[in-house]
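Accompanying notes for the structure given below.
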């Protein structure tokens, strides 16, 4: 697992597997209450601070964006695609607050979306931010151009994995500066490297660490539920499922299928109708053959595995998150998957 | 001036309770000084090294209640090396030797030994109340001594201490005759305790009003305890975990619903969300709720709970509540006065679900808010300006962005204007702690407007000496100034050396101050202790031009302290 850039932590509102609150839902509901919709990916937390006046032509753009957005491969919380950035720049021509002069209205908002609200893929942070520094507003334009120049689907594909893997390693300060480093230059290199920050009493820090560890490791403290995130390529937001509420792979698959049927857009295979039907082995095969979607999971070691290989109980113990991948992503896995499903028949 | 006999003066002074007022009274004239000092029972010493215990005892022979603070505040965040000091033993020894009839002792950030606790327990027959906050150095053996020997013990309140748990039977050391307990807080104990002893102790304490349990106390024990203590007003649960269909849980729900007096709830050191509904019946009476250790609760659980808490005045919570949860708080808790939002995963990846939006919502819904501690992902000037307008009553305002130099999330500007609005609008502000990208300008605002400011915490802020100068020149009432990682140097430090005698202490770490300047300061101000700390070097580099790692200076009548470790050099 490559050590991540900690910049992503501040800027994205990325979901994190050990965080118990279901942020994707929170964020979605935030959008509903926000003054203006900036729901490109249905993610924006900063939409709440987008006050007032968005020009009316932006609606049109926003609609366009939504379609584009649903085509995006999301991976973990939010990847910003280049297209999105370009259009978002046009929308941001408004003062955020009457109080504050926004010299660079354009840049600021997209910057803001990048930094604060929307979940961003990991590669975005490294590629998009030169050295991870922004001295005030001057660095902004620099920021935009690399990203808009970048239109690499492959990069965005990698994002989920990296983002996912970045989390556990977050505490390895790699020395990357945060993208919103201070002008003064005395910014800390990374969270982990700053002694005594954030200013929380050691007792509290230690206490929380112990409790979190217990919750993760034992499982006996929360016997009822084992929620893991489920992401799907192309879906604008993630879901969470309680693995303990299923008993077999079939249950899980059918539930996931129901959950994500709205996103498959007719790619459910040869049946046509997005399934309310129980997943059968044939369906699984069809999904695998026809629609190129594969169900994978990340295990405790951080490796991506195909769902279905191990006994259910073992799977529950080791699964940290699920991902419905496009078959083309799972090139190495898919053939085996097909073989296995044949074996299961 | 002696218009009244001493007894009358004394009687009048009884109504003067605040320390500051009593200090002022004692300065009026010699006879008032005399009457005041003989009648004073409660003494507060903000810095245990500012005065010797003997002098305190001599001046206040009627001393009954003593509060002492030891290490500087930044010790909470591991900025003070471990063996720096703050030992309480000289105090307890001096008090034990004297004729002082000590009844209450409250210590904060001090090092307490088992021997001291034992000496304390033997020496004062009327000893009633021991409150230890963020202390360390003792074990449950010391607690056993307190339990065994303090016959009239009323309060044993252990808050966030580092206690070595010997897992002995210290609770058993409370004699059967001990029935005087009013307040017992053992939440910070990490080990197991004898549950039977606990239950028996509770059973024979009819006056028990406040009980805070530790993680080792399971749900069923809690239920049995609550059966015995229907008069409880302040409850801290231990482990709140069980199967939702268990008998213990069912019984607990029933028992809790009978505890109508509980107004303050905390604990939940371990919690299963599905057990939380058991406390819903209590919510409508709660004025204080502390869920800041309840890592197992999600935002949705918290929101459901808080919707019932209409009378809440004090809320301590984790940021898993999220902005939406804070909106719920804002709608529900109209009487809210104090809010603390702690980060649930401060060092791991992933941003906090709490941003400026939550704070603005709170300011709109809770105009009575006067104390805030808020850890958040990001902040904006606009939000702070709005908050300042909505809540002009702030006394304590502490904001911490998880990235210490993060600018305004919308405009990328420094947060100067936002904090400026806070100090301008909140004329009664006494304590301020800032973070985010900050230039000298914010200090200008603070110096101009923060007239009542007594404590200021600065980290990664400012651009030049001017910042610090604005504060030192402008804030007439500043008492504690603590600065880390900011570019303030010798010019600011030495500009007005007399100022430091009007303050309790100044802390500067990772700033631009040099050894030479500290020496100059120490030379000019003999009644200040100027301590330099270099943890890594036992021998100090004698180069005056070298920057000092950590400097802590405080006014003192005792001179250089004798218990300083090697790495502390008092100039």
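Since every read-out is calculated from the coordinates, none of them should be taken as a lab result. Since the structure is predicted, the reported quantities are computational estimates derived from the model, not experimental observations. As a convention, Cβ positions derive from the backbone with ideal geometry for all residues, glycine included, and neighbour counts pool all protein chains shown.
Note on segment B:76-164: the alpha carbon radius of gyration divided by the globular reference 2.2 N^0.38 Å gives 1.04. Multiplying the residue separation of residue B:65 and residue B:94 by 0.36 nm and subtracting their alpha-carbon distance yields 9.0 nm.
Semi-axes, largest first, in whole Å: what does sqrt of 5 times each Cα gyration tensor eigenvalue give for segment B:340-461?
Here the semi-axes work out to 20, 16, 13 Å.
Here the label points at residue A:209 and residue B:133, each 7 Å from Cα along the C-beta direction, are separated by 2.5 nm in the simple model.
Using the rule -39500 (n - 2.57) for each DSSP H run of four or more residues, divided by the residues of chain B, the 222 nm mean residue ellipticity is -9000 deg cm²/dmol. For segment B:4-150, the Cα gyration tensor yields ellipsoid semi-axes of 29, 19, 12 Å (square root of five times each eigenvalue, largest first, whole Å). Three semi-axes describe the equivalent ellipsoid of segment B:347-392; taken as square roots of 5 times the Cα gyration tensor eigenvalues and ordered largest first, they are 21, 11, 8 Å.
Exposure proxy for B:243, B:356, B:103, B:7: other Cβ atoms within 10 Å of each Cβ, ordered fewest to most, give B:7, B:243, B:103, B:356. Evaluated at 25 °C with a viscosity of 0.890 mPa s, what Stokes-Einstein diffusion coefficient in µm²/s does segment B:124-279 have when Rh comes from the Kirkwood expression over alpha-carbon pairs? Translational D for this selection: 156 µm²/s. Share of pairwise Cα-Cα distances greater than 24 Å in segment B:209-314 is 10 percent (whole percent). Residue ranges B:279-285, B:468-474 sort as B:468-474, B:279-285 when ordered by packing (mean number of other C-beta atoms within 10 Å per residue, highest first). As a proxy for reagent exposure, B:477, B:499, B:30, B:212 were ordered by neighbouring Cβ count within 10 angstrom, fewest first; the result is B:30, B:477, B:499, B:212. In segment B:142-223, inverting the average of 1/r over every pair of distinct C-alpha atoms gives 12.7 Å as the Kirkwood radius. Shielding of peptide B:409-421 by partners, expressed as the average count of other chain Cβ atoms within 10 Å per residue Cβ, is 6. Treating each Cα of segment B:430-522 as one equal point scatterer and applying the Debye formula with no solvent, the log10 of I(q)/I(0) at q = 0.21 Å⁻¹ comes out as -1.01.
For the residues of B:394-406, the average number of beta carbons from a partner chain within 10 Å of their own beta carbon is 5. Can you compute log10 of I(q)/I(0) for segment B:183-236 with the Debye formula, treating each Cα as one identical point scatterer, at q = 0.26 Å⁻¹? Results for segment B:183-236 at q = 0.26 Å⁻¹ read -1.12. In this simple spin-label model, placing a label point 7 Å from the Cα along the Cα-to-Cβ direction at both residue B:151 and residue B:310 gives a separation of 5.0 nm. What the Cα atoms of segment B:209-258 give is an Rg and a Dmax of 10.3, 30 Å.
Its residues counted as N, segment B:480-564 yields a C-alpha radius of gyration over 2.2 N^0.38 Å of 1.01. Counts of other chain beta carbons within 10 angstrom of each beta carbon in peptide B:479-485 average 2. Hydrodynamic estimate: the Kirkwood radius of chain B over Cα pairs, inserted into Stokes-Einstein at 4 °C and 1.567 mPa s, corresponds to D of 51 µm²/s.
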